[in-house]
Amino acid sequence: MENYLPPSLPEQQFQETDQPPSTSQFPSLPVEQERPKRKFLRIFLLLLSLIMVLLLAVFFVFPKILKSNPTDWKASDPRMDQTIYPTKQPVEEDLSDYYYPVAALPEQSTVQEEYRGIKLTRTPKSTYQSEQLALIKYFIDMSPPKLVSPGPKNIITFSTDEVNFRFDKLMTSSALASGENIYFNNKSFSGGMHPMSDDSVDRALETFIHELTHISQYYSITPGYLKSAKKSGIEPAKLLDFSPLVENFARSVGWEKTESSWKLKDEPETQKTTDYGKEEGPVEDMADSVAAYAMDKNYLISSARQEWVKNWLGENERLLLHKLPITESMVLTRFLFQSPISFNDEKEFEQKYFISDTLTYSMKTIGLIDSTATQLNQQLQSRGWQGSLTRSEDKNKVVFYKGEFIGQYRDLRINIRSYDQATGYKEKPDGTQIGILSGYKL
C-alpha cells in the first residue's frame, strides 16, 4: 500500500536518515511549565473522590451494617407486651443502670414445694411447716385469679436477719412484696396468726392479696415505660408510683399528680379509703382497695375504688365465695365481759381441725340481733356454706342465735347474743355480740 502523506507536509521531512532529527524541525513545547499543574489537578481530583466515597459510606453503608448487627439489639423483656413493644426495635439508650430496686433472694434459698406454678421457697434459717404450706396454698386458691396468673415467682419464708430490704420499717413486717417475690416473716404463722397481733387467717389472707397486688404493679414496669420514665427524670424508687397501672388507678379515684408525687383530693368520697392508703399514696391505696374488695369489705373504700377494682379484676360474685359477710357496723373487738365463743368450743375446734381461729365482733346499736342473724344466715348460705342459725333465750332474757355451717375449705360455728332486754345484771354490754369460730380443712 502506498504511503499517504498530507499534502501540506513535504515528503523530504520524513526521509530515513542515520542522524537524529534537529530540534529546529519541531516547534518548542513548554514541558517544564505544564507538568506541575497537571500533577496538582490529578491529586485534587483523587482527594475529592476519596472524600465523596467516605461521605457515601457514612450516610448509607455504615447504618445498614449497624442495624444488621444482633449485638446492638437490647434483649426483649419476657413481660413485654409484644403488640405494643415489638422485640425487634432498637433501643436508643442503655437502661441497665435504671431499674426499680428490689430485695435479692437470700443466699442458698431452695424450693421446698411448687404450687400452681409458684415456688414456695425456704431459706437456711426458715422452713415451711406443714400448716404453713397448707395456708399458703389456701391463700393462693382464695385470691382473685388475675393476681395469681401471672403471680409471684417465689413465696419465701425468711428470718429477718437473712434479707436486706433497705428499709428498716420493713424488717418487722409479717409479709411484703419485692419485685417478683413475696416474703413471709417466719414469725407470721402461729396457728395461722402472728403471735404479736390479733390477726386471723382471714386477716392474713387480706394481707396476702395486698402483696399480690404489688406484684401486679411491678409487672407493669415495662421497658417502654422505663425508657419514658428515665427521660422524664423519675427516680428509680418511684417507678411504681408513676407506672401506667398505678397512674390509671390514681387518676380514677381522686389522686392528683404533683411535680414529684401524688396528692389526694380533699373530698369526703375521695378520702374514703384506709388510713394507710391515704398516708402512703396510690401504690398502697390500690393494694388496700383490691384487698378490701376481694374480702368483701367494700365499706372501707369509695364507690370509685370499688368500680375500678371490679373492672380491673374482671370478677364479681365468685370472689365472695367462702368469704365472711362482714359489715361496716361489725367492729372487730375482744370482749372483757364474756366472749360469745366459749373456751370449750375453741378447744374442740383446735382438736378437730388442722387450723382454727376466732373472730369476735360488736354492734353497738340496740335491737339488731334478729335482723343481723337473718342476714348473716342468708349470706353464708349464698356463699357456699350449708347450715342455719337457731334462736333461743335464757331465763335472764339474753337472746342467742347459734349454728354450725359446713363449707368446702372451712367449717364455722357462730354464736350471736344480745343483752338488750336482759335482767339480773349489774353491768352488761350494749348491742349485739357476734363470735365466729373457724375450723380450716386444709
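The values are calculated or read from the model by the stated rules, or taken from the named source; none is laboratory data. Please read these numbers as outputs of a predicted model, since none were measured by experiment. Positions of Cβ are generated from backbone atoms using ideal geometry, with glycine treated the same way; all protein chains shown enter the neighbour counts.
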So which of Glu269, Glu279, Glu256 ends up being touching a Lys or Arg at 6+ places or on another chain (Cβ under 9 Å) and free of Cβ contacts under 8 Å to residues at least 60 places away in the same chain? Glu256
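For region 221-253, how many residues are touching a helix residue (DSSP H, G or I) at 6+ places or on another chain (Cβ under 7 Å) and of a type in the set (Gly, Ala, Ser)? Quick ask: steps written out before the conclusion?
Keep residues of region 221-253 that are touching a helix residue (DSSP H, G or I) at 6+ places or on another chain (Cβ under 7 Å), which gives 225, 239-246, 249-250, 252-253.
Adding the requirement that they be of a type in the set (Gly, Ala, Ser) leaves 243, 250, 252.
Adding up the residues that qualify gives 3.
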So which residues in region 350-381 are over 18 Å from Ile434 (Cα atoms), in contact (Cβ under 8 Å) with a residue 60 or more places away in the chain and among the polar types (S, T, N, Q)? none
If you check Leu442, Leu412, which single one turns out to be surrounded by 14 or more Cβ atoms within 10 Å (Cβ to Cβ), under 44 Å from the mean Cα position of the chain (by Cα) and assigned to a loop (DSSP other than H, G, I, E, B)? Leu442
Go through (1) within 25 Å of Lys441 (Cβ to Cβ); (2) acidic (Asp, Glu); (3) at pLDDT 90 or above and name the single condition Asp199 misses. (3)
Matching residues in region 336-377 - criterion: being part of a loop (DSSP other than H, G, I, E, B) and either closer than 22 Å to Ser392 by Cβ or among the polar types (S, T, N, Q) (or both): Phe337, Gln338, Ser339, Pro340, Ile341, Ser342, Thr365, Ile366, Gly367, Leu368
Selection within region 267-316 - over 21 Å from Val148 (Cα atoms), of a type in the set (A, V, I, L, M) and assigned to a helix (DSSP H, G or I): Leu300, Ala304
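A quick yes/no check of all residues on (1) in contact with a His (Cβ under 8 Å, 6 or more places away or on another chain); (2) under 30 Å from His322 (Cα atoms); (3) crowded, with 21+ Cβ neighbours inside 10 Å:
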{"position": "Phe400", "(1), (2), (3)": "no, yes, no"}
{"position": "Ser418", "(1), (2), (3)": "no, yes, yes"}
{"position": "Lys428", "(1), (2), (3)": "no, no, no"}
{"position": "Ile436", "(1), (2), (3)": "no, yes, yes"}
Within region 121-134, residues farther than 15 Å from Asn154 by Cβ and modelled with pLDDT of 90 or more come out as Ala134
